[in-house]
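The values are calculated or read from the model by the stated rules, or taken from the named source; none is laboratory data. Being a predicted model, the structure only gives us computed values, none of them experimental. Cβ sites come from the backbone with ideal geometry, for glycine too, and all protein chains shown count toward neighbours. Surface accessibility is based on the protein's heavy atoms, side chains included, excluding ligands, DNA and RNA. Shrake-Rupley method; radii C 1.70, N 1.55, O 1.52, S 1.80 Å.
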Amino acid sequence: MPNTVAVAAALICQGGRFLIGQRPAHKARGLLWEFVGGKLEPGETGPEALSRECREELGVTVAVGPLYARLTHTYPDLTVELLLYQAAIAAGTPQLLEHAALHWVAVDELEQYAFCPADAPILERLRAEGLPPEFRPAS
């Protein structure tokens, strides 16, 4: 039975596009595209992990919004419990601190990107429903 890893990821929408990152070549599922985020550390909530991961991987501060999707996907080497939150960049500009590339994409451009298999149900939902309204935190 593969290890189970909880992952928090961000659906950051701006101007009809959303942010995706290309995994580094040397990592599992290298060069596939994903929603930015990462593993929950012991004792962290999903929003706490997402805030930390966005600081570490993108150099930005995010405001974490509502949960958009929750799913479980089993790869040969691990099982991922994915929590995808709507989020907004509160400060900073995304930087390539971890990913091989970052792109802002529209839903109708998804076919141009090879995503991690765990993201397939989310991509189908986006194709069917379109992007949700941009999350804007209360100020």
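Of note:
- Scope region 92-130; condition among the small types (G, A, S) and part of a loop (DSSP other than H, G, I, E, B); matching residues: G92, A100, A106, A114, G130
- Filtered residue count, region 52-73, keeping only those that are in contact with a Leu (Cβ under 6 Å, 6 or more places away or on another chain) and surrounded by 13 or more Cβ atoms within 10 Å (Cβ to Cβ): 6
- Flag if E48 is open to solvent by 30 Å² or more (accessible area, probe 1.4 Å) and among the charged types (D, E, K, R): yes
- First in region 52-77 and over 19 Å from C116 (Cβ atoms), second anywhere and in a helix (DSSP H, G or I) and open to solvent by 80 Å² or more (accessible area, probe 1.4 Å), Cβ under 7 Å, 6 or more apart: T61/R55
- Candidate set: region 1-17, residues that are within 26 Å of A106 (Cα to Cα) and touching a strand residue (DSSP E or B) at 6+ places or on another chain (Cβ under 6 Å); chosen: the one most open to solvent (accessible area, probe 1.4 Å): R17
- Residue list for region 74-90, restricted to those being open to solvent by less than 50 Å² (accessible area, probe 1.4 Å) and part of a strand (DSSP E or B): L78, T79, V80, L82, L83, L84, Y85, Q86, A87, A88, I89
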